[in-house]
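Data first, discussion second: the structure below is written as C-alpha cells.
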Amino acid sequence: MEESPGRILAADAPADRDYPQFNRSVRDGFAVRAADIPGRLRVVGEVRAGQRFDTVLKSGEAVEIMTGAPVPEGADAVVMAEHCMRLDDGSIETTQSGQPGLNIAFAACEARAGSVVLPRGSRVDHAAIGWLATIGTSRVEVYRRPRVAILATGDEIVAVDERPAPQQIRNSNSYSLAAQVRRAGGDPVILPVARDERQATAELIARGLESDLLLLSGGVSAGKYDFVEAALADCGAEFYFDRVLIQPGQPVVFGRARGRFFFGLPGNPASTMVTFELFGRAALELLSGANDAPLPLTLARLTRPLRHKPGLTRFLPALIQFQTAHNGPSACALSCAEITPVDWQGSGDIPSLTRANAFLVADPNQAEYAAGDLIPVLMK
Ligand code: AMP
Ligand code: MG
C-alpha cells in the first residue's frame, strides 16, 4: 500500500463494512435528545472513543461524549461541550437548541458496506491511501507503469556530457520528456539520438516500438532532412493525424505501428513540452489503466493586454499567481488567479520556460485580449 501513491488501481476498493459503523459523535460534548434542548439535563454517564454506552438514554438525560465515540441509543444530537455549563450538582445546562442529527455522523453516511469508493482505474493519492488503510487493504493491486521509449532525432544534437560545436546543441528534449513521462506515471527509456537519416531512424524506431509507447522528438516538419514520418512508414505505421492547428507544436504526428502507439513531437523544446502535455500525457495515462485523462485547464485573469495572430490556438508560457486572501474566505472566493505572459523568444527558448509555471491558451478566433480578461490556462 505504501508504494502505491501515483499508481493506478487495477481493482475496485469497496467498503468492507459501513462507514461509520455506528452513529458517531463528531464533537466533544453531551449526547442528548434534541427535543430536550435548550434545557437542564442530568448527566448519567460518559462514553469515550473506542467504548460504548449500553443504556438507552431517556428524556431529561445527557451522556458526556468524546469525538469519535458511538452516540448512545436514545440520543439523537450532540451538544458541544463549549455550549454547556456544568452546574454544582453535576447536571448541565445549555441554551442551545438543535435538530436531531446535530453533530452526529450517522452509520453508513460515508459509505455502505460493499459500495465501491475507489473504482478500478483511479489514481492513488494520499486520500485514496487513507481509504485503502481504512478498509484494511495492506496490499493493493495496481497496473504496471507503461514503458515509454524516447527517441530524439537531429544531426545537430549532441549528448549532455559533450561539448557542442558552435553549430550544435545538447539533447535536452530526451530529458525533459523523461521528466514529463515520469510525472505522468510512465517509465522512460531513453534511446540513442537518431541521425537525420531514414534507415538509421527506422532502426531506432523499431527498437522504440518494443516499449508500450514511443515518443519521438524532432524531424516531423517539412524540412529536407525531416525523416521521421518516412521512417515510421517504413516500420508499417498508420497515421491518425500529422498536423494540429496549434502553436507551438503544429506538425505533431500520432499513429500506431506494430501494435504500439507513437507520437512524433516537433523538436523545438517548447513544442515538445506542450505537445506531450496536450496529447502524450493523455495517451500515457489511458495506457496506464486510468479511466480518464482530463486536461488540467483553468481560467485566469490577464494582468496585461495580449495580442496574437489568430488562426492557431497558441500556448504561451506564462506565470500564474494565485491570490492570497487577506480578508478571509469570502474575499478568497471572489478573487481569481492572475496570469502574466513571460517574455520569450519563441519555441526554442528554454530559459523562459523555466520561468513559467503555465501556458496561457489564446483562442484562434480572438486576436486581442484586454488586461482583466479571463483566459484559459494549461498548467505546466
Ligand atoms: P526539428 O523539429 O527537428 O525541426 O527541430 C526543431 C528545433 O528543435 C531545432 O532548432 C532543433 O535544434 C531543436 N531540437 C530538436 N531536437 C532537440 C533536442 N533533442 N533537444 C534540444 N533541442 C532540439
Ligand atoms: Mg531536426
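The values are calculated or read from the model by the stated rules, or taken from the named source; none is laboratory data. The structure displayed is predicted, hence computed values, not measured ones. Ideal geometry is used to build each Cβ from the backbone, glycine not excepted, and the neighbour counts take in all protein chains shown.
No other residue among 41, 102 is outside any helix (DSSP H, G or I) and without any contact (Cβ under 8 Å) to a residue 60 or more places away in the chain apart from 41.
From 275, 303, which residue is within 23 Å of residue 348 (Cβ to Cβ) and either under 20 Å from the mean Cα position of the chain (by Cα) or surrounded by fewer than 16 Cβ atoms within 10 Å (Cβ to Cβ) (or both)? Just one listed residue meets the conditions, 275. Of the residues making up segment 85-114, those that are among the basic types (Lys, Arg) and within 39 Å of the chain's Cα centre (by Cα) number 1. Filtering 186, 130, 121, 136 for residues that are away from ligand 1 (no atom under 16 Å from the Cβ), of a type outside the set (A, V, I, L, M) and touching a Pro at 6+ places or on another chain (Cβ under 7 Å) leaves a single hit, 186. Counting the residues of segment 47-65 that are out of contact with any Ser or Thr (no Cβ under 7 Å at 6 or more places or on another chain) and surrounded by fewer than 22 Cβ atoms within 10 Å (Cβ to Cβ) gives 12. All conditions in (1) in a loop (DSSP other than H, G, I, E, B); (2) surrounded by fewer than 13 Cβ atoms within 10 Å (Cβ to Cβ); (3) under 43 Å from the mean Cα position of the chain (by Cα) hold for residue 82, with the sole exception of (1). Applying the condition of being crowded, with 19+ Cβ neighbours inside 10 Å and not hydrophobic (A, V, I, L, M, F, W, C) to segment 138-163 and asking which residue is nearest to ligand 2 (Cβ to nearest atom) yields 154.
Looking only at residues of segment 336-353 that are of a type in the set (S, T, N, Q) and in contact with a strand residue (DSSP E or B) (Cβ under 9 Å, 6 or more places away or on another chain), we find that the one that is nearest to ligand 2 (Cβ to nearest atom) is 347. Residues that are in contact with an Asp or Glu (Cβ under 9 Å, 6 or more places away or on another chain), within 13 Å of ligand 1 (Cβ to nearest atom) and in contact (Cβ under 8 Å) with a residue 24 or more places away in the chain within segment 139-183 comprise 153, 154, 155, listed in sequence order. Answer with yes or no whether residue 254 is under 21 Å from residue 279 (Cβ atoms), within 16 Å of ligand 1 (Cβ to nearest atom) and aromatic (Phe, Trp, Tyr). Judged against the criteria, residue 254 is a match. When residue 209 is tested against (1) away from ligand 1 (no atom under 15 Å from the Cβ); (2) surrounded by 22 or more Cβ atoms within 10 Å (Cβ to Cβ); (3) under 18 Å from residue 282 (Cβ atoms), only condition (3) is not met. Restricted to segment 56-66, and to residues there that are outside any strand (DSSP E or B) and closer than 22 Å to residue 93 by Cβ, the residue that is nearest to the chain's Cα centre (by Cα) is 66. In the set (1) within 16 Å of ligand 1 (Cβ to nearest atom); (2) out of contact with any strand residue (DSSP E or B) (no Cβ under 9 Å at 6 or more places or on another chain); (3) in a loop (DSSP other than H, G, I, E, B), the condition left unmet by residue 244 is number (2). For residue 69, the test of being surrounded by fewer than 21 Cβ atoms within 10 Å (Cβ to Cβ) and modelled with pLDDT of 95 or more is failed. Here's a check for you: in segment 217-231, which residue that is near ligand 2 (Cβ under 8 Å from one of its atoms) and not acidic (Asp, Glu) is farthest from residue 250 (Cα to Cα)? My answer is 225. Condition check for residue 84 on (1) more than 16 Å from ligand 2 (Cβ to nearest atom); (2) of a type outside the set (Ser, Thr, Tyr); (3) on the phi > 0 side of the Ramachandran plot; (4) in contact with a Gly (Cβ under 7 Å, 6 or more places away or on another chain): one failure, at (3). Out of the residues in segment 227-272 meeting the condition of being surrounded by fewer than 19 Cβ atoms within 10 Å (Cβ to Cβ) and of a type in the set (Phe, Trp, Tyr), tell me which one is nearest to the chain's Cα centre (by Cα). This residue is 254.
Scanning segment 16-34 for any residue that is assigned to a loop (DSSP other than H, G, I, E, B) and closer than 30 Å to residue 144 by Cα turns up at least one such residue.
Scanning segment 190-214 for residues that are within 19 Å of residue 267 (Cα to Cα) and of a type in the set (A, V, I, L, M) turns up 190, 191, 193, 194, 200, 202, 204, 205, 213, 214.
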